[in-house]
Every structure is written in structure tokens, then in C-alpha cells.
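Right, I'll just put the structure down here and ask away after.
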């Protein structure tokens, strides 16, 4: 029968797998929404031929949120009792608020499928505001907290922690002003996840 210790040894692999899935799904959802829903305030139209992209993105986002919560839980479990409570609080709080904001942004983006042409700009603007101004800033706090926790516990190498700080700085400072800047978050999650998977494979070998 498998022991608790053996189950915990597989936690980094679970975190890595969930992180890769989240990164791919979130990047795909953001790309689909950017393509289908105009970000230019002067362009209030949505190409009817691209409404399928909005529908696909709306189907993707819930699964991305599920994988992100799994990623959070697995990382926190890996940290164990050694985690700093202050950093852990920022880690959990920012992660939960990010997930909620992501769902709100997706719901707002979905309104473009039902609104009249004259009012579609409201749903579009609201979705982009929630995503780029609020969700991405919470993502920045999550990146800062994770990088700090990983560095203090010695599970992240210095270059990875520095990359996290740089990514968080980009998200919190220019994330709402530069189109596609939100892609830095799934990229960071992907890099962290691949590092965790590589570390697990080395430990197994």
C-alpha cells in the first residue's frame, strides 16, 4: 500500500502537469479572445465568422481555472510546513482572486455573442479591463509570492526566481497598457512547470 510520503513525492509531477495544462489553455483562450474580440475602442464590431473563437475560449477558461487551482494546491503542498505564512497568504489570496477575475472576464467576453452591435463595446471593454487591469495584477502578486517562497525554500534556482520577479514587474506595471502582455503569465507558469518536471525526473533517476 502506498505511503503518505510516496504520495507527496509525486506532488511536484502533478504540479508540473497541471501547470503545463493551465499555461497552454490560458494562452489559447487569450489568443482566441484577442483574435475574435477587438481591443481597439474605436472598433466595436465582432466579426461573425470569428464568433466560434469566443465560444471555444469560453469553453477553455473553466478548465484553465481548474488546472490553475490544482497547480496552486500542489505547489503549496510541496512547500509543506516550511512555508512562510505571510508569503503563503499572498500566494493563496492572489491565486484565488486571479481565478475569480479570469472567470468574470470570460463571462463579460461572452456577452459579445448576444449583444446588439451598438452595445457590444461595453462587454468587450469590461472583459479587457477585468483581464488586463485586475486579473493580471493579481497574477503578478502570485508570481512574486511564488518566486519568493520558492527562493526562500531553496526549490527555485536564482535565475528562475529572477525571471519570476521580472515577469511580475511586467504584469503589474505595463500589463494593462501593452496588448498581448498578459501572455507573460502563462509563459512563466510553463517555465516553472517544466522546471518542476525536470527536477522530478532528475530525482527519480
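Let's test the formula: R0 of 30 Å, r as the Cβ-Cβ distance of residue 66 and residue 86. What FRET efficiency results, to the nearest 0.05? Don't skip to the answer; put the middle values down first.
On the way: r = 27 Å, r/R0 = 0.91.
Computed FRET efficiency for residue 66 and residue 86 comes out at 0.65.
So how do 25, 162, 171 line up by other beta-carbon neighbours within 10 Å, fewest first?
Values: 25 22, 162 13, 171 26.
In increasing order of surrounding Cβ atoms, one gets 162, 25, 171.
Okay, next question. For residue 100 and residue 202, compute 0.36 nm times the residue count separating them, minus their Cα-Cα distance, and round to one decimal in nm.
Values: separation 102, 0.36 × 102 = 36.72 nm, distance 3.54 nm.
Stretched fully, the residue 100-residue 202 segment lengthens by 33.2 nm.
Taking 22 Å as R0, compute the FRET efficiency from the Cβ-Cβ separation of residue 31 and residue 194 and round it to 0.05. Display every interim value, and only then the final one.
Numbers: r = 20 Å, r/R0 = 0.91.
About 0.65, to the nearest 0.05.
Could you work out how far apart the two model spin labels at residue 160 and residue 59 are, taking each label as a point 7 Å from the Cα in the direction of the beta carbon, and quote it in nm?
So the label points at residue 160 and residue 59 sit 3.4 nm apart.
Tell me, what is the FRET efficiency for residue 50 and residue 152 to the nearest 0.05, using R0 = 30 angstrom and their Cβ-Cβ distance as r? All intermediate terms of the calculation are to be shown ahead of the outcome.
On the way: r = 45 Å, r/R0 = 1.51.
Using R0 = 30 Å, I get an efficiency of 0.10.
Separate question: With 10 angstrom as the radius, rank 201, 169 by how many other C-beta atoms surround their C-beta, starting from the fewest. Spell out each step's value before the answer.
Values: 201 12, 169 15.
By the 10 Å Cβ count, ascending: 201, 169.
Values in this text are rule-based calculations from the coordinates and carry no lab data. Owing to the predicted nature of the structure, the values given are computational and were not obtained by experimental measurement. Virtual Cβ from ideal backbone geometry, glycine too; neighbours counted across all protein chains shown.
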